[in-house]
Amino acid sequence: MSFTIDVHHHILPDVFYRATNDVHNPVGGIKPPPWSRESMLSYMDDAGIDVAITSISTPGVHMGDDAKARELARRVNELSADLIKERPDRLGGFAALPLPDVDGALRELEYAMDVLKMDGVVLFSNARGIYLGDARFKPLFDELERRKAVVFVHPTASFDASSRGLDLPDTLIDFTADTTRAIAQMHYKNVFARTPNVKYIFSHAGGTTPFLAKRLAIIDEMNVMPGAEERGTAADTFRRLYWDTALSWSPANMEMLRSVAGMGQVLFGSDYPYLRRDLAVNCRSEVEQSPVLAPEESRAVMAGNALKLFPRLSASAALRT
């Protein structure tokens, strides 16, 4: 089996889950099984995953109170850092930030990167209804650019109540749509253009973005959005972003990613523990053995592309291959 790095792997400690989710109505609509360090490592062993870059999940740490969000971000980040210290050969971590509190996010970014030595940060497609392309978040993105940070972008529920009018779980349709909203706004508000050194990873193959790439290309060709001279085309932007395979590893998904981004920008992701365990275990081998991937492409997706973002893991790769 190829050395494997899972960049979409959630930790759901009780301190986080109790503070952010209603057990009877979980965010996204699907209740995950209880999380523990032991269950996480057991899953990784069963699936053949060598390293997981962990992150908290939806809805993030901010539930409406800045002070509580700052406290929760600190607690989950220190917990994640402790896990990494215990198993630096098996674990990495994306730090949580208390957006939309920008001042709190900047302080936590400094602590997480400089003191805890986290591998990057996790942001959500919107922070209490404010999307990532909003000008209010510019100071944070300026600092992420200065640090040349790795930023993992995960969907969360839209604040538009009409998105739940179909009586369907958010994770079914709206999560992918919300990722697309964030990508489109970040592109057309020139966030990507202003942060060329930030390494962005978008969950679930970018939601519906690959499917809609031609629509964005037409908008670019028509030149109806201001700022085109600075940002360039969506097609060029997409080849600089990274895209994970979580819930999006079908041959058709892979072919779209090859066309839109190139296989050098695709990373393996499992979405553990939200994906049922047997499906999560099997997804690794299904990605590795995808009929549309050449052997060198498969190795790149499983770990080679991620090692460019997380070079500290090269030692683990050398030991386990």
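Yes or no: the range 166-173 includes at least one residue that is within 30 Å of A315 (Cβ to Cβ) and surrounded by 14 or more Cβ atoms within 10 Å (Cβ to Cβ).
Narrowing the range 166-173 to residues within 30 Å of A315 (Cβ to Cβ): none.
The answer is no, given that none of the residues of the range 166-173 is within 30 Å of A315 (Cβ to Cβ) and surrounded by 14 or more Cβ atoms within 10 Å (Cβ to Cβ).
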Quiz prompt | Residue that is farthest from the chain's Cα centre (by Cα), among those in the range 89-113 that are surrounded by fewer than 20 Cβ atoms within 10 Å (Cβ to Cβ) and touching a residue at least 60 places away in the same chain (Cβ under 8 Å) | solution = D89
Quiz item: Any idea which residue in the range 22-64 is nearest to V150 (Cα to Cα), counting only those that are surrounded by 13 or more Cβ atoms within 10 Å (Cβ to Cβ) and of a type in the set (D, E)?
Solution: D50
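For every residue, the table says whether it meets (1) at pLDDT 95 or above; (2) hydroxyl-bearing (S, T, Y); (3) in contact with a Leu (Cβ under 8 Å, 6 or more places away or on another chain).
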residue: F137; (1), (2), (3): yes, no, yes
residue: T180; (1), (2), (3): yes, yes, yes
residue: F192; (1), (2), (3): yes, no, yes
residue: P196; (1), (2), (3): yes, no, no
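If only one of A235, A252 is aliphatic (A, V, I, L, M) and surrounded by 14 or more Cβ atoms within 10 Å (Cβ to Cβ), which one is it?
Details: A252 fails: surrounded by 14 or more Cβ atoms within 10 Å (Cβ to Cβ).
Of the residues listed, the single one that is aliphatic (A, V, I, L, M) and surrounded by 14 or more Cβ atoms within 10 Å (Cβ to Cβ) is A235.
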Quiz item: If you check P226, P273, which single one turns out to be of a type outside the set (A, V, I, L, M) and surrounded by 18 or more Cβ atoms within 10 Å (Cβ to Cβ)?
Solution: P273
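Go through the residues of the range 241-254 one by one and say whether even a single one is of a type in the set (D, E), closer than 25 Å to I84 by Cα and in contact with a Ser or Thr (Cβ under 7 Å, 6 or more places away or on another chain). Break it down into steps so the answer makes sense when it comes.
Of the range 241-254, the ones of a type in the set (D, E) are 244.
If we keep only those that are closer than 25 Å to I84 by Cα too, we end up with 244.
Add one more test, that the residue is in contact with a Ser or Thr (Cβ under 7 Å, 6 or more places away or on another chain), and what stays is 244.
Checked the range 241-254: at least one residue is of a type in the set (D, E), closer than 25 Å to I84 by Cα and in contact with a Ser or Thr (Cβ under 7 Å, 6 or more places away or on another chain).
Can you tell me how many residues in the range 267-314 are among the aliphatic types (A, V, I, L, M) and farther than 13 Å from T4 by Cα? Don't jump to the end; show me each part of the working.
As a first pass, look at the range 267-314 and keep what is among the aliphatic types (A, V, I, L, M): 267, 275, 279-281, 287, 292-294, 300-303, 306-307, 309, 313.
Retained after the next criterion (residues that are farther than 13 Å from T4 by Cα): 275, 279-280, 292-294, 309.
Residues meeting the conditions: 7.
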Quiz item: Would a scan of the range 198-215 turn up a residue that is more than 26 Å from A252 (Cα to Cα) and touching a residue at least 40 places away in the same chain (Cβ under 8 Å)?
Solution: yes
Exercise. Within the range 146-174, track down each residue that is at pLDDT below 95, part of a helix (DSSP H, G or I) and in contact with a Leu (Cβ under 9 Å, 6 or more places away or on another chain).
Key: D174
Exercise. Starting from the range 144-170, take each residue that is in contact (Cβ under 8 Å) with a residue 40 or more places away in the chain and β-branched (V, I, T) and list its partners that are in a strand (DSSP E or B) and exposed (fewer than 15 other Cβ atoms within 10 Å of the Cβ), counting only C-beta distances under 7 angstrom and pairs at least six apart or across chains.
Key: none
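Can you tell me which residue in the range 65-88 is surrounded by the fewest Cβ atoms within 10 Å (Cβ to Cβ), limited to those that are basic (K, R) and within 23 Å of Y43 (Cα to Cα)? Before the answer, list the steps.
At the first step, the residues of the range 65-88 found to be basic (K, R) are 68, 70, 74-75, 85, 87.
This time we only want the ones that are within 23 Å of Y43 (Cα to Cα), so: 85, 87.
Values: K85: 11, R87: 16.
Selected residue: K85.
The values are calculated or read from the model by the stated rules, or taken from the named source; none is laboratory data. In this text, all values refer to a predicted model and were calculated from it rather than measured experimentally. So basically every Cβ, Gly included, is an ideal-geometry build from the backbone, and we count neighbours across all protein chains shown.
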